[in-house]
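Below: one structure, written as structure tokens.
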Amino acid sequence: MSFFELRHVDKSYGNGKDKTQVLDDVNLKIEENEFVAIVGFSGSGKTTLLSLMAGLIEPTNGAVTMQGKPLKGPGPDRGVIFQSYSLLPWLSVFGNIELAVKQVFPQFSRAERRAHIEKYIDMVHLTDASWKRPRELSGGMRQRVAIARALAMQPEMLLMDEPFGALDALTRGTLQEEVIKIWEEQRRTVLMITNDVDEAVLMADRIIALTPGPEATLGKSFDVHLERPRDPATLNFSDEYKHIRNEISHYLMDLNTESKKLKIPTHDLPLPDIRPKVFATA
Amino acid sequence: MKEIKYFLLKLIDVTALNFLEPVVRLCYGEEPKVQLEKIGLYILVPMVAFVAFLGLWWGVADNIMTKSGKVPTPPVVWHEASSMWSQHLAAREQRADFYKKQEVRVAELEQKLAQLETPQFEQRLEKTKADLEKLEAENSPRAKSKRAVYESMASQVSNLEAQIENAKTAQYAGAPTYIDQIILSLKTVFFGFAIATAIALPIGILCGISRVFMAAMTPLISLFKPVSPIVWLPICGIIVGAYINADNSSLPPAFISSAITVALCSLWPTLVNTALGVASIDKDHINVARVLRLGFWSRMFKIIIPSSLPLIFTGLRISLGVGWMVLIAAELLATNPGLGKFVWDAFQNGSSQTFAQMFVAVFTVGIIGLLLDRIMVIFQRAVSFDNAQAMAI
């Protein structure tokens, strides 16, 4: 029995003629402390899949289980980092995290709670901004707050929905590294949804493709055996990195019916050996 | 210097007096051309328009003849306003005088009492009492005259004490001045506004969180929202009159029925805006509450209410404006002493002087309404977490 399982999960909206089958027979097993990334095109039902796992929506058919028990709605044991950050705009950085910590650790004394919150604010380098409101923060900083809030709940599993999707390339690189660093320090089961293959290869142990929707389902799974810690700067020269990256990209291209129609034989073209340098080293 | 500038700009922003911003910036020599342009647009143009309005009023008023004389022109109204102000000051002085005299009188009486209640007097009183008791016990014929002596001595004291009590509790009985009436009107409107808020907020929140409740309330809201204060007032008057007697209540029934009328007319904007604010809460925020498994009350006070506060305050602001507008009509009909009654009395009087007073009342109502609105804007800004939202309203 795996830590987290989806068995024959279907999800559809509407009835009869208007019925749209978003997910069709999704099967997934995640082991404890595994970092799994799901890559897919936009509109393929990635967010629906994550919401199912978070318990925010229920599957039409099939079962979602965690540690063998079926999910009963959302809960703080699965920290969710939403694509839109979902910070409460009337609370400061501290207040946003405090709301979560108060709820998850009601037994903490005032001082303990404060220390706990400050630890996580520190971890995402926001100490100087802890009394600012979300609207005074940049996109990257907001995402950091969302990450700190999810981590401060000390969930058994972390669910991330395109966590870096709305960020510029530099901020994205920095945050990716920070998240990996934190994950390596405090191992935890993570599921990340992304549309960026590079990001998936850089961060995950296992990458699963989601076929284009409607009736999306999970496709081939790729194990990433790259040694950790992974340095994005040197990774570009690793043959294994290039290999797995190409393999996944090709697989995704093949999945995309539209690209099939265009009939560009991408597999035959060797990818250039030059990759953009990652400047983010902080 | 820089700090003062930013402090001033922040103050202007918080109080929503944005037309002052270019003045401050100009004083600090920041882009004089742009600031002058803004001053022209936000200060000069409105001033010119106002002056033009005064001129038009003057020209038109001079040519209309009524039973109460000519329609008052701006200088007549201004003159009347200043005379009303000096009347108010005079009345205040009179009142102060009254209380000062009262104090002096009380002091005099107390002094008299002190002079009377010397130890010798007490002794004599005691002795007379003892003598009287003795004579009465003996059934002596002198008892009657002794009793008269004793009673006159005792009544000297009680008379003085009663006089002091009277002097202390006497209230100044002058007619309320215009300012007193304004204050009473404000009390009424805030009392009514408080009732409206107490009713509208919980119902609005319930409407927002429960679709069933919303469906149940919609016909009632649509039905009663358009009802005019003129209809509510007599109904309130009768019902309030059934429970509250004018003589033995600390709040006069006219005050209560005007306040309830204000409440009935002004609760709708708050109710509708609260319901809208609660119903349109961001789904992401609800998801946060679900992931955290917040209970009903923490969800209410930590997510739902804070997120709908900007709209709630928009509603409150409109409500207060409506309430103030309705109040004048309500007071006029209920003859609750206040601005409305002032206008009614002026109308009944029908002299050219009271005609001008009615114009003063128009400007008073306008200025106070404006101030109330500004106060609510400040609150609204204080609770809005999103600048764009505050600007849009």
Scope segment A:99-112; condition under 14 Å from A:R149 (Cβ atoms) and either more than 14 Å from every other protein chain (Cβ to nearest Cβ) or β-branched (V, I, T) (or both); matching residues: A:V101, A:V104
Segment B:264-302 - residue that is aliphatic (A, V, I, L, M) and not in a helix (DSSP H, G or I) and, of those, farthest from the other protein chains (Cβ to nearest Cβ): B:I281
Only helices (runs of 4 or more DSSP H) wholly contained in segment B:1-113 count here; list those with 3 or more residues that are exposed (fewer than 14 other Cβ atoms within 10 Å of the Cβ) and not aliphatic (A, V, I, L, M). B:2-15, B:32-39, B:45-61
Can you confirm whether B:N273 is at pLDDT below 90 and not hydrophobic (A, V, I, L, M, F, W, C)? no
For segment A:16-33, what are the residues that are surrounded by 19 or more Cβ atoms within 10 Å (Cβ to Cβ) and assigned to a loop (DSSP other than H, G, I, E, B)? none
Do we have B:I312 as part of a helix (DSSP H, G or I), in contact (Cβ under 8 Å) with a residue 40 or more places away in the chain and buried (at least 22 other Cβ atoms within 10 Å of the Cβ) here? yes
Could you tell me which of the residues A:E98, A:E185 is more than 22 Å from B:A289 (Cα to Cα), over 14 Å from the mean Cα position of the chain (by Cα) and free of Cβ contacts under 8 Å to residues at least 24 places away in the same chain? A:E185
Which of (1) farther than 29 Å from B:I328 by Cα; (2) within 14 Å of another protein chain (Cβ to nearest Cβ) does B:M214 not meet, given it meets every other one? (2)
Any idea how many residues of segment A:78-95 are in contact with a strand residue (DSSP E or B) (Cβ under 7 Å, 6 or more places away or on another chain) and more than 8 Å from chain B (Cβ to nearest Cβ)? 2
All positions within segment A:169-179 that are farther than 19 Å from A:Q83 by Cβ and buried (at least 20 other Cβ atoms within 10 Å of the Cβ): A:E177
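The values are calculated or read from the model by the stated rules, or taken from the named source; none is laboratory data. The shown structure was predicted, so the numbers you read here are calculated from the model rather than taken from an experiment. When we count neighbours, we look across all protein chains shown, and the Cβ atoms used for this are built from the backbone with ideal geometry, even at glycine.
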